[in-house]
Amino acid sequence: MHDRSVTEPFQLGADFLQDPHGVCAALRDLGPVREVVTPRGQRMWMVTRHADARAALTSPDLSKDIHLARRTFDPVALAVAGLDFGSDLSSHMLNTDPPDHTRLRRLVNKAFMARGVKGMRPRIEAIADELLDEMAGHEEVDLLSAFAFPLPITVICELLGVPEMDRGDFRAWSTTIVTATSPEELTGAAGSMVAYLSGLIEGKKVSSGNDLLIELIRARDADDRLSATELVSMAFLLLVAGHETTVNLIGNAIIALHRDPGQLAALLADPTLVPGAVEELLRYDGPVNLATVRFTVRPTSIGGTEIPAGQFVLISLGSANRDETRFADADELRVTRDPTGHLAFGYGAHHCVGAPLARLEIEVALGALLRRFPELEVLGDGDGLRWRDSMLIRGVETLPVRPGPSRKPTG
């Protein structure tokens, strides 16, 4: 049982990791902001309603500055909060405030603009088709391993110029970093990734190629450019965020559609609904449960609740997207809904820089999967599906499916 008194923190247990929507519905009923104890024993403040979440995402009273955080909190608290891995991986855009964040984002945007996103559709479609070809003929597969993971990791690794042989290592390191593991495991995975990325970047500095990592190395704004530490940290952020979002949304989308045959039938009958359905699926069960941790730099009022200075704050994107005051019948999936205003990619200065790429990948992946395997069946739903032990990521550990007959595209 949760302690629902107004004076004691709300205990977030294992049920929160497995069913955050149910727990957050209870929290929204209790009030807009509530002190909680995380499954790892950390006391934080949690924002659950849409209007308050949107305001908190842009509040100057809430900081993400890693350097200020290191002066404010002890290292163990930062590690448990998932804010600092004690390595060079922490010096990226998500861990800065303006004006530093503005500077970093400007340089990264220059590199992204040099590459373009829309022109990547044919390559993403080709990768999706290759993976679906490999799925055909198998009676059962893990959709995550067979399709949802290799598609975005191939895209982001090709974009950054990461060799194919190293992609399995990135999956292991990324899983450790975004999952509720011990500080020692986090430090180990982070150290391995720093060592690898540092060597990769050094090699890129003398390369004549034109991948995104080389564009980041070359990116300048007048006399400003990314430092060596910033390059490693930014490559880490792009690699992890560049595949985790798509992996988990593909899985979440297939689960949601499997559980609502009427909505699945609507998409199968009219594939032109897929782009809009992607936005509704982002709202309904997006791949990011909680925004990365912020902390108060001064006493702050959110939703009428006073939060002292020096406190960690969690903003629940998933809860905000299920807020009935913003989205009517929010717990219902409606692929024809206009979910404008959802917060699946955040809001404000820290809105996901890779959102256009993620949307393109998800649209291509979902459309191709539904066309090729319209009779795909999720196996072991209910108690058989286990959600990852992560406060940050919303996704299942494995997703066994029976693909059914393959309808190979013609023409």
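Out of the residues in segment 29-51 that are of a type outside the set (A, V, I, L, M) and farther than 25 Å from GLY348 by Cβ, state the one that is surrounded by the fewest Cβ atoms within 10 Å (Cβ to Cβ).
Taking segment 29-51 first, the residues of a type outside the set (A, V, I, L, M) are 29, 31-32, 34-35, 38-43, 45, 48-50.
Next cut, farther than 25 Å from GLY348 by Cβ only: 29, 39-41, 43.
Numbers: ASP29: 9, PRO39: 17, ARG40: 16, GLY41: 7, ARG43: 12.
Across segment 29-51, the extreme among qualifying residues is GLY41.
Could you tell me whether any residue of segment 218-238 is in contact with a Gly (Cβ under 6 Å, 6 or more places away or on another chain), in contact (Cβ under 8 Å) with a residue 40 or more places away in the chain and outside any loop (DSSP other than H, G, I, E, B)? For segment 218-238, residues in contact with a Gly (Cβ under 6 Å, 6 or more places away or on another chain), in contact (Cβ under 8 Å) with a residue 40 or more places away in the chain and outside any loop (DSSP other than H, G, I, E, B): absent. For segment 199-210, taking the residues that are without any contact (Cβ under 8 Å) to a residue 40 or more places away in the chain and in a helix (DSSP H, G or I), the one that is farthest from LEU78 (Cα to Cα) is identified as GLY203.
In segment 294-305, the residue that is surrounded by the fewest Cβ atoms within 10 Å (Cβ to Cβ) out of those that are of a type in the set (Val, Ile, Thr) and assigned to a strand (DSSP E or B) is THR305. Name the residues in segment 306-362 that are surrounded by 23 or more Cβ atoms within 10 Å (Cβ to Cβ) and hydroxyl-bearing (Ser, Thr, Tyr), would you? SER316, SER319 - these are the residues of segment 306-362 that are surrounded by 23 or more Cβ atoms within 10 Å (Cβ to Cβ) and hydroxyl-bearing (Ser, Thr, Tyr). Any residue in segment 53-69 that's small (Gly, Ala, Ser): show its pairings with residues that are surrounded by fewer than 20 Cβ atoms within 10 Å (Cβ to Cβ) at Cβ separation under 7 Å, as long as the two are six or more apart or on different chains. Close Cβ pairs satisfying both conditions: SER63/ASP97; SER63/VAL297.
Conditions (1) exposed (fewer than 14 other Cβ atoms within 10 Å of the Cβ); (2) of a type in the set (Gly, Ala, Ser), marked per residue:
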position: ALA126; (1), (2): yes, yes
position: HIS138; (1), (2): yes, no
position: ALA148; (1), (2): no, yes
position: THR154; (1), (2): no, no
position: CYS157; (1), (2): no, no
position: THR175; (1), (2): no, no
position: VAL178; (1), (2): no, no
position: LEU197; (1), (2): no, no
position: ILE201; (1), (2): no, no
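Applying the set (1) crowded, with 21+ Cβ neighbours inside 10 Å; (2) modelled with pLDDT of 80 or more to GLY242 leaves exactly one unmet item: (2).
Filtering segment 116-160 to residues that are polar (S, T, N, Q) and touching a helix residue (DSSP H, G or I) at 6+ places or on another chain (Cβ under 8 Å) leaves only THR154.
SER192 meets all of the listed conditions (1) of a type outside the set (A, V, I, L, M, F, W, C); (2) at pLDDT below 80; (3) closer than 25 Å to HIS67 by Cα but one, namely (2).
For VAL247, indicate whether it is outside any loop (DSSP other than H, G, I, E, B), within 26 Å of LEU343 (Cα to Cα) and in contact with a Phe, Trp or Tyr (Cβ under 6 Å, 6 or more places away or on another chain). Considered against the rule, which asks whether it is outside any loop (DSSP other than H, G, I, E, B), within 26 Å of LEU343 (Cα to Cα) and in contact with a Phe, Trp or Tyr (Cβ under 6 Å, 6 or more places away or on another chain), VAL247 comes out as yes.
Selection of first residues in segment 183-195 that are under 10 Å from TRP173 (Cα atoms) and of second residues that are surrounded by 16 or more Cβ atoms within 10 Å (Cβ to Cβ) and hydroxyl-bearing (Ser, Thr, Tyr), restricted to Cβ pairs under 7 Å at least 6 apart or on distinct chains, gives the following pairs, ordered by first then second residue: GLU185/THR176; LEU186/THR176; ALA189/THR176; ALA190/SER87; GLY191/SER87. Restricting segment 356-411 to residues that are within 16 Å of the chain's Cα centre (by Cα) and small (Gly, Ala, Ser), the residue that is nearest to LEU257 (Cα to Cα) is GLY395. Scanning segment 48-74 for residues that are assigned to a loop (DSSP other than H, G, I, E, B) and touching a Pro at 6+ places or on another chain (Cβ under 9 Å) turns up THR48, ARG49, PRO60, ASP61.
When you look at ASP169, is it under 19 Å from LEU107 (Cα atoms), of a type in the set (D, E, K, R) and modelled with pLDDT under 85, yes or no?
No: the conditions fail for ASP169.
For GLU215, indicate whether it is surrounded by 15 or more Cβ atoms within 10 Å (Cβ to Cβ) and either under 30 Å from MET193 (Cα atoms) or at pLDDT below 95 (or both). Yes; evaluated as a whole, the condition is true for this residue.
The values are calculated or read from the model by the stated rules, or taken from the named source; none is laboratory data. Computed from a predicted model, the values in this text were never measured in an experiment. Here Cβ is always computed from backbone atoms with ideal geometry, including for glycine, and neighbour counts include all displayed protein chains.
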